[in-house]
Amino acid sequence: LDLGSVGPAYRRRTMPRRPSPRGGAGIAAGGARRRIVRGKNVVKIKRILMCVFGVVICGISVGMIKHASFGVDPFQSLMSGLNAVIPIRFGTLYMIANLVLLLFALIFDRRKIGLGTLINLFLLGYIVEYSQSCCRALLPEIGLAGRLALFAVGVVILCLSAAFYFTADLGVSTYDAVALIWSEKQSRLRFPLCRILCDSLCVLVGALLCAAGGEKLSQAVGAGTVVTAFFMGPLIAFFKQKAAIPFLYGAKAREAGADGAGPAGGGDRERSST
């Protein structure tokens, strides 16, 4: 049969059909792409939830630590000092101070700023204020043993919150951004030294302002300041591997993380910054 002598309709009816490029392989590839997109969207939602969760329980834990009166982390030392001399709500004062630091970050390196930065900025101060008020109402008279227990629980919750916040990797806090930018804009001082200098300055200024405002020095500096500055890293790493990464990527990520091959998320910044 001379196919050239017949019309295209006849050829379509008689010739074997070529396999469609959108056949089984194409369908499988399309399904795989949809699963990948769906998985990425789930991870994004989880990151936002982890960030909000981390900020909320961080605020609760800082309120508990402040009520225990064993000292707080370096940035909260500065905020306690400012709160002693500036007669406005702590949540509002915290937001103003962070807006000043946010302006610094926006001028010098806005890449450090993300959704997590803004959630931290606008929520954390008011949650700390509410948490401390609840502690004062529920535990107005608390002895040494009760203060120690409250401080220990607060530190554990703070480490859990830091693990979720850092793993979410949606931007660092404005206070973290200062030391990071400082270390990157010059070559003589590395990040650890820049962070130590920032923390030391915050503690010093916070203590002086507390003394000037007539507040107890333990509100700004104490044993708790040392604990939060130097001994929280291992506990944050523990919660990151056992809770934050498995929540974000699934249970298999914990096994991979144990072998050193798991996704790191944002948890490499294992330092506390409230």
Could you report region 91-167's accessible area per residue, 1.4 Å probe, as an integer in Å²?
49 Å²
Over 20 Å between C-alpha atoms is what I'm after, so list which of Lys46/Lys242; Lys66/Lys216; Lys112/Lys242 land there.
Lys112/Lys242
Calculate what fraction, in whole %, of the accessible area of region 84-190 sits on carbon and sulfur atoms when a 1.4 Å probe is rolled over the protein chains.
68 percent
Provide, for q = 0.10, 0.14, 0.17 Å⁻¹, the log10 of I(q)/I(0) from a solvent-free Debye sum over equal Cα point scatterers in region 63-192.
-0.37, -0.71, -0.99
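The values are calculated or read from the model by the stated rules, or taken from the named source; none is laboratory data. Keep in mind it's a predicted model, so treat the numbers as computed, not measured. Quick note on the areas: whole protein, heavy atoms, side chains included, nothing else; ligands and nucleic acids left out. Shrake-Rupley method; radii C 1.70, N 1.55, O 1.52, S 1.80 Å.
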